[in-house]
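Shown next, in structure tokens, is the structure this report addresses.
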Amino acid sequence: MNRSAPSPMDDDDDRLHALVDGHLPPDEADALRARLDADTLARQVDWQQQRDALRALHAGLSDADLPQDLRRAADQLQHRRDQQMLWRRWGGIAAGWLLAFGLGWGLHGNWSPSGDTGAPLAQATGTPLAFVRQAALAHAVFQPEQRHPVEVTAAQQEHLVQWLSKRLGRPLAVPVLAAEGFDLMGGRLLPGGAGARAQFMYQNAGGQRITLYVGAVDAAADAAGGRAAETAFRFNEEGPVGSFYWVDRGFGYALSGEMPRAALLALATAVHRQLVPD
Amino acid sequence: MDRAQVLDHLPGLRRYARMLTGDRWAADDLVQDTLERACRKWLLWRSGTDLRAWLFTLMHNLYLNQRRGAPPLQVLDPHDSTAADQLPAAATGHDTALDLERCLQRLPADQRAVLLLVTLEDMPYAEVAQVLQVPIGTVMSRLSRARSRMRDWMMDGATEAGSRPPRPAPTNSSLPALRRLK
């Protein structure tokens, strides 16, 4: 306690409060109790009772009677807070995107790793790299979500698959990862650089979550990368989120999670095996 | 990632507001205003600062603003039937709980705030000082005064004949005992 020139009396009072409020280590508390005179001891006992009685007042004020308005306001604040945490974490990526949009289309060719200067920047949001970054961002957004991790739960799997297949314009299959210890929680629809994207979320017994992000990537951009690369696994890391991704017939797949690369690769291999049968 | 959740702090905020204002409706209004203000000011919330301390600070400032310009709060009379409805008894006994609540409302608001943050929230004294934006020495002296006064009043009540608590502080009888703030 950094107080300037405390009087001895005040200091004793401070220590008495600390004793009542349980801020003293046990041995110090015992030593202090042994030193108290009768009057001070009576005061300490009364203060202690007062503290206990105050804590008992309205102890039953629980969530049960939480007014709807309050709950809504709390949820809204939580949402803001989550967004803020996310932007802090992913600010770099976001800035990169803004730059990509802001600098204009013509510059894209100079950045393109393939050196294909003719490629329009429309692909900056549709390239496999942009795709996997969006997958990592979507993973980071929804993976920590406690109450609404998915839009449609696995209990309605048939509806989920039909719905997302329709929105993505291609029949989707949902890989089963039970053998790897991950169960499907459900999925959601998301906007992506080249149209609608789907995210499927899985969780293991330890509460760890992985997401599979699916959607069209720009076919021309991918062709520029070469057909050979089309079905190859690629790895990308955005902060703590690792993603294995590949492209198959103009469709991108990214499996993201916060786990060692080898473990994620094993899962990605299982997904790939089920989705792209040879 | 810091997983401290807004919802986790809601019961604490409501209870503190309830005992600070002495009025259920005013309390939930205050919490609501706090959350809405937090939503508007969330950019000012810096990572590394404690979410609980920030929310309680916002609430404290709102409470001060509300009191400024408002007439002094009425002291609740537990013998008023409406007030009795508003004050559910704790398990320790009806009269004691009412006495305690009423003594609490007799305290000056700044002493009540310190006592409640320390007692209900188990806040370290330094954090109380941060929330209320006063030096820690002020926190300690307010805590001493609050605890000593409450003790005296409760002792007076206990020594009076029967279980009837001491008379409330003088109130302006032309105003209703309960006012809905806002």
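With label points built 7 Å along Cα→Cβ from the Cα atoms of residue A:176 and residue A:12, find their separation and express it in nm.
Distance between label points: 7.7 nm.
What is the spin-label model distance, in nm, from residue A:165 to residue A:71 if the labels are put 7 Å beyond Cα along the C-beta direction?
Reported label-point gap for residue A:165 and residue A:71 is 3.6 nm.
Could you sort the peptides A:161-167, A:234-240, A:21-27 by per-residue average Cβ neighbour count (10 Å cutoff), highest mean leading?
Details: A:161-167: 16.4, A:234-240: 14.6, A:21-27: 12.4.
Result, highest mean Cβ count within 10 Å first: A:161-167, A:234-240, A:21-27.
Can you give the FRET efficiency to the nearest 0.05 for residue A:34 and residue A:183, using r as the Cβ-Cβ distance and R₀ = 51 Å? Walk me through the intermediate numbers first.
Details: r = 58 Å, r/R0 = 1.14.
With R0 = 51 Å, the Cβ-Cβ based efficiency is 0.30.
Whole-Hz Karplus ³J(HN,Hα) for segment B:129-136, in order, using 6.51 cos²θ - 1.76 cosθ + 1.60 and θ = phi - 60°, x for Gly and Pro?
Going residue by residue, I get 4, 5, 5, 8, 6, 10, x, 5 Hz, with x marking Gly and Pro.
Counting only other chains, what is the mean number of Cβ atoms within 10 angstrom of the Cβ of each residue in peptide B:30-42?
The shielding value for this peptide is 4.
Report the gain in length on full extension from residue B:25 to residue B:40: 0.36 nm times residue separation, minus Cα-Cα distance, nm rounded to one decimal. Intermediate values should be presented prior to the final figure.
Working: separation 15, 0.36 × 15 = 5.40 nm, distance 2.26 nm.
Here the segment from residue B:25 to residue B:40 would lengthen by 3.1 nm.
Please give the contour-minus-distance gain from residue A:42 to residue A:141: 0.36 nm per residue of separation, less the Cα-Cα distance, rounded to one decimal in nm.
30.1 nm
Using a Förster distance of 51 Å, how high is the FRET efficiency between residue A:235 and residue B:65, based on the Cβ-Cβ distance and rounded to 0.05?
Approximately 0.40, to the nearest 0.05.
Across peptide B:5-14, what mean number of C-beta atoms from other chains lies inside 10 Å of a residue's C-beta? Present the calculation step by step, with values, prior to reporting the outcome.
Values: counts 6, 10, 9, 2, 2, 7, 6, 1, 2, 8.
That average works out to 5.
Tell me, what is the FRET efficiency for residue A:157 and residue A:52 to the nearest 0.05, using R0 = 41 angstrom and their Cβ-Cβ distance as r?
Approximately 0.20, to the nearest 0.05.
Chains B and A: buried accessible surface, both sides, probe 1.4 Å, rounded to 100 Å²? Before the final figure, lay out the partial values.
Details: alone 10500 and 16430 Å², together 22270 Å².
Interface between B and A: roughly 4700 Å².
The values are calculated or read from the model by the stated rules, or taken from the named source; none is laboratory data. Note that the structure is a prediction, hence the values are computed from the model and not measured. With ideal geometry, Cβ positions are generated from the backbone for all residues, glycine too; neighbour counts draw on all protein chains shown. Note: accessible area is taken over every heavy atom of the protein model, side chains too, but ligands, DNA and RNA are not part of it. Shrake-Rupley method; radii C 1.70, N 1.55, O 1.52, S 1.80 Å.
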